Ligand code: C5P
C-alpha cells in the first residue's frame, strides 16, 4: 500500500537557456532534481518514486537519492506527457490499478508537506494543487504575436493556476493520458488528460510558495524559500 510519485525529469529546459537541462542546475549547491527528490522522500505514506530521465542522462546515477531503494528510473519521451506515460507503463506492471499516483514536477523543489497532506486528504478521486489567480488573466487573440493583443479578459474569480503534485488512481490516469496522446489532445498537465476523459479533478488550494523553477530569476527565489523551509 501507499502511493507512488512520478517525477518527469527528462526535459531539456530550453526556457532556462543554461546549456544544460534545468533539473541539474545547482540550487544551494545541489542539483535541482536532487533537492526535489530529497523533499519527496520525506512525504508520509510514500511507497516509491518513478523518475523519468532522458536516455542520454549520465548525471542521474550520481545523485545520492538515485541509490535509495524506493527510487526507480525509467526513460522519458519526447514531451512531458510522453515521459509521464512511460512512468505509468512501468507502474502498471508493478502495482495494482487502484494505486494512487502523484505526478510532481522536478522543477518544484519547494512544495511544503502541508500541501502534500491537503492533496492526499482531498476526497475527490482526482485532485491537484492549485492557486486562485491574483493577477487578472487576459486571453490573447493568438499566441506568438508581438505585441500580443487582448481578445478578452477571463473571469478572475474562476481562474486557478495549476501546480503539482496532481493525484489520480493509476488505471484512470494511465488510460486518460494514453487516449489523450493518441487523439493528439493538448495535454499540458495530468489534470488536462483527465478532463479530456470527462473527469472534473478537484482544485486543492496550496500555499503560495510552490514555485516552478522556469526562468533564471527563479533560482535565487527558490534558494531563499529552501533556506526558510529546510534551515
Ligand atoms: O519545461 P517544463 O518546465 O514544462 O517541464 C516540466 C517538467 O517536465 C520538467 O521537470 C521536465 O524535465 C519534464 N519533461 C520531461 N520530458 C520531456 C519534457 C519535459 O520529463 N520530454
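Want the number for residue 207 to residue 183: 0.36 nm per residue separation, take away the alpha-carbon distance, what's left?
Extra length available between residue 207 and residue 183 comes to 5.2 nm.
Largest first and in whole Å, give the semi-axes of segment 121-205's equivalent ellipsoid, each being the square root of 5 times a Cα gyration tensor eigenvalue. Mind dumping the intermediate values first?
Numbers: eigenvalues 141, 67, 16 Å².
They are 27, 18, 9 Å, listed from largest to smallest.
Restricting to the chain, what percent of DSSP beta bridges are antiparallel, rounded to 5? It would help to have the intermediate numbers written out before the result.
Working: 14 of 33 bridges.
Of all bridge pairs located within the chain, approximately 40 percent are antiparallel.
What number, in percent, do you get for the relative contact order of segment 3-230 if the mean sequence gap of Cα pairs under 8 Å and at least 6 apart is divided by its residue count?
23 percent
State the volume of the convex hull built on the alpha-carbon positions of segment 92-157, expressed per residue in Å³ and rounded to an integer. Provide the component values of the computation, followed by the final result.
Working: hull volume 13.4 nm³, N = 66.
Measuring per residue, one finds 203 Å³ for the Cα hull of segment 92-157.
Just from the alpha-carbon atoms, what are the Rg and Dmax of the chain in angstroms?
17.4, 52
Once you have the Cα-Cα distance between residue 79 and residue 59, take 0.36 nm times their residue separation minus that, and quote the gain in nm to one decimal.
The residue 79-residue 59 span can extend by a further 5.2 nm.
Take the Cβ-Cβ distance between residue 118 and residue 142 as r, set R0 to 41 Å, and report the resulting FRET efficiency rounded to the nearest 0.05.
FRET efficiency, residue 118 to residue 142: 0.65.
Under 8 Å for C-alpha pairs, at least 6 residues apart: give me the relative contact order for segment 152-213, rounded to a whole percent. Present the calculation step by step, with values, prior to reporting the outcome.
Details: 29 pairs, mean separation 16.1, N = 62.
Over segment 152-213, the number comes to 26 percent.
Given the peptides 150-162, 172-184, 95-107, 213-225, arrange them by the average over their residues of other C-beta atoms within 10 Å, most packed first. Each step should come with its number before you reach the end.
Numbers: 150-162: 11.6, 172-184: 17.1, 95-107: 20.8, 213-225: 15.5.
Ranking, from highest mean packing down: 95-107, 172-184, 213-225, 150-162.
Just need the Rg to Rh number for segment 15-77, please, alpha carbons only, Kirkwood Rh.
0.96
For segment 1-112, report the translational diffusion coefficient in µm²/s to the nearest whole number, using Stokes-Einstein at 25 °C, 0.890 mPa s, and a Kirkwood Rh over Cα pairs. Numbers along the way, then the final one.
Details: Rh = 14.1 Å.
Reported coefficient: 174 µm²/s.
Any read-out appearing in this document is the output of simple, stated calculations on the displayed coordinates, not a laboratory observation. Note that the structure is a prediction, hence the values are computed from the model and not measured. Reconstructed Cβ throughout: ideal geometry from the backbone, glycine too, with neighbour counts over all protein chains shown.
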